[in-house]
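The values are calculated or read from the model by the stated rules, or taken from the named source; none is laboratory data. These figures come from a predicted structure and were not determined experimentally. Glycine gets a Cβ as well: all are built from the backbone with ideal geometry, and neighbour counts include every protein chain shown. Accessible surface areas use protein heavy atoms only, side chains included; no ligands, DNA or RNA. Shrake-Rupley method; radii C 1.70, N 1.55, O 1.52, S 1.80 Å.
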Amino acid sequence: MFKKFTNGCVRVVNRWLPDPFLFAVILSFVVYIAAMLGTHQGPIAMLNAWGNSKGFWGLLSFSMQMALVLVLGNAMASSKPCKKALRGVAGLAHNNMQAIVITTFVSVICCWLNWGFGLIAGALLAKEVAKRVPTVDYPLLIASAYSGFVIWHAGLSGSIPLQLNGGYTIFKGTAQEATFQAATTDTIFHPMNLIMIGVILILMPLVNYAMHPDKEHTITIDPTLLQDEEEKVYEINTPAEKLENSKILWALVVIAGFAYIVYYFYTVVKAGKNIAGALDLNIVNFIFMFLGILLHGNLRRYVDAIGEAAAGAAGILLQFPFYAGIMGMMTAGNADGVSLASIISDFFVNISTPVTFPLLTFLSAGIVNFFVPSGGGQWAVQGPIVMPTAQAMGIDSGRAAMAIAWGDQWTNMIQPFWALPALGVAKLSAKNIMGYLVIVLLFTGVVACLGFLAWAMWF
């Protein structure tokens with residue numbers, strides 16, 4: 001029965017789910033028409049709102065931040081110390097249950113620390129585990145490694161809470177301009193957010209193991225196919241090569257980077273502020289960049305690691321301008337100041353209560369994520385709708401923003417866009433793991449729905 005259900009899910013996904021970039025294009029046309037109909041603005045006005053500097057090019061800074069989260073985390077995961085640590089963890093697995101449980105548990109923790117790091121670290125760990133436990137179902141093992149991604153937006157590299165911590169401004173330069181802010185103590189480190197993560201961290205490894213097929217249907221992999229590529233050997237003959245591999249230059253860069261990190265948090269403490277509340281995308285990326293440089297032990301190796309990781313950011317670079325254009329059209333107001341975003345916001349105010357609004361936001365964000373498979377892009381589309389609505393209903397900004405964040409990460413389980421880096425490492429396709437991830441989706445959906453209801457009633 002379970003196999004029929006999962007195979008059916010795989011067939012639907014493979015047949016109907018196109019490349020995420022096509023969703024961005026299609027959604028652009030949908031919003032273009034909807035904005036004209038809703039606000040009675042002409043086609044030229046909407047075209048201008050889409051393509052001007054506040055539209056298509058309005059997220060350049062944020063796009064770079066998000067690309068760096070992926071690239072820097074990926075590069076750090078490929079360092080020798082990280083790989084050695086993953087091999088050590090893999091050595092703890094001696095049977096199928098331990099293989100699935102350990103892989104899931106470690107993946108959740110790594111994705112909470114940095115989603116780019118977690119995506120690659122989870123896949124690398126799964127490969128090491130498969131070498132030691134050859135009887136484990138390999139597609140399920142890779143699905144377990146990817147399942148940790150279901151909590152990334154509630155973690156330290158979550159784009160929505162980190163941007164909100166620094167101040168989030170909508171409708172900039174218009175009469176509707178508004179700024180929203182919430183410290184990470186009200187988002188990432190809020191007790192209810194940590195409780196939901198804790199439930200997933202403890203129970204999801206067991207849920208994943210419960211899906212392990214019987215011996216007859218288990219798909220194993222020959223451990224000899226999982227051998228790592230030989231480590232690149234660098235020739236150091238020319239003055240340029242000596243400079244690139246200089247330990248002195250490497251040490252100076254590392255010292256400078258960590259000196260600034262210490263100084264940054266020193267000034268935060270000196271000002272009497274909360275250290276957790278001082279986290280934003282810039283300092284998180286700064287920390288992961290210099291951790292990566294430190295762990296690679298060589299500037300030349302780090303440059304090559306960044307080059308290899310950069311290919312994974314192609315989707316961000318291509319899609320984010322279109323998401324920004326969508327945001328520009330949604331927030332473009334007519335002579336009376338009415339925009340498509342304000343129309344949708346008013347609709348949600350009329351059908352929701354302070355208790356149900358975050359839950360409905362979570363569910364709607366899960367749907368939107370199919371079309372906008374990026375937390376940053378989704379924030380650009382939904383933020384201008386959800387945040388003013390929450391304010392009008394007396395809902396704190398942190399809870400409203402985390403409802404979008406959880407919805408975004410939730411349906412990543414059946415949106416294969418972000419699984420591609422892990423699948424590349426594992427040498428599998430999306431159809432191999434998607435059936436298992438449907439169950440992860442259902443489980444985490446229940447946890448999140450109950451969590452947001454509890455957040456509304458008890459906090």
Practice task
Would you mind working out the magnitude of the charge dipole of the chain relative to its Cα centre, with +1 at each Lys and Arg C-beta and -1 at each Asp and Glu C-beta, to the nearest 20 Debye?
Solution key: 540 debye
Handout entry: Where TRP406, TRP50 fall by accessible area, highest first, once all protein chains stay in place (1.4 Å)
Key = TRP50, TRP406
Exercise for the section: Round to the nearest 0.05 the FRET efficiency obtained for LYS431 and LEU22 when R0 = 25 Å and r is the Cβ-Cβ distance. Expected result: 0.85
Fill in the blank from the handout: Stretched fully, the stretch from GLN391 through VAL446 gains (0.36 nm per residue minus C-alpha distance, one decimal, in nm) 17.2 nm
Practice task
Could you tell me what percent of the accessible area of the stretch 301-360 is made up of carbon and sulfur, with a 1.4 Å probe and every protein chain present?
Solution key: 68 percent
Handout entry: Gain on full stretching of the segment that runs from PHE347 to ILE367 - 0.36 nm per residue minus C-alpha separation
Key = 5.5 nm
Problem - Accessible-area ranking of MET211, MET457, largest first, probe 1.4 Å - result: MET457, MET211
Practice task
Arrange the peptides 126-133, 114-121, 28-35 so that the one whose residues have, on average, the most other Cβ atoms within 10 Å appears first.
Solution key: 114-121, 126-133, 28-35
Problem - With every protein chain in place, the stretch 70-121: carbon and sulfur % of accessible area (1.4 Å) - result: 71 percent
Practice task
Name the residue farthest towards the positive end of the dipole of the chain from the options LEU450, LEU47, ILE197, assuming +1 on Cβ of Lys and Arg, -1 on Cβ of Asp and Glu, about the Cα centre.
Solution key: ILE197
Exercise for the section: Could I have the simple spin-label model distance between PHE29 and GLU231, label points 7 Å from Cα toward Cβ, reported in nm to one decimal? Expected result: 5.2 nm
Completion exercise
Computed from the beta carbon distance with a Förster radius of 41 Å, FRET efficiency for LEU37 and LEU317 to the nearest 0.05 stands at 0.85
Fill in the blank from the handout: Applying the gyration tensor rule to the Cα atoms of the stretch 116-251 (axes a ≥ b ≥ c; rounded if a/c under 1.5, else prolate if a/b exceeds b/c, else oblate), the class is oblate
Exercise for the section: State, to one decimal in nm, how far the label point of ALA271 lies from the label point of GLU308, with both points 7 Å from Cα in the Cβ direction. Expected result: 3.9 nm
Practice task
Positive end of the charge dipole of the chain (Lys, Arg +1 and Asp, Glu -1 on Cβ, about the Cα centre): tell me which of VAL386, THR331, VAL71 has its Cα farthest that way.
Solution key: VAL71
Fill in the blank from the handout: The answer for the chain, counting only DSSP H helices whose Cα atoms cover 18 angstrom or more along the axis and whose Kyte-Doolittle average is 0.5 or greater, is 20-39, 60-77, 96-113, 115-132, 191-210, 247-270, 281-296, 314-331, 356-371, 430-458
Exercise for the section: Can you figure out the FRET efficiency of ILE195 with TYR263, using R₀ = 51 Å and their beta-carbon distance, to the nearest 0.05? Expected result: 0.90
Handout entry: Accessible area in square angstrom per residue, the chain, 1.4 angstrom probe
Key = 43 Å²
Practice task
Enumerate the lysines that LYS242 could reach by cross-link, defined here as Cα to Cα under 30 Å, with residues fewer than 8 away along the same chain left out.
Solution key: LYS80, LYS83, LYS84, LYS232
Problem - Solvent accessible area, Å² - SER78, 1.4 Å probe, full protein context - result: 40 Å²
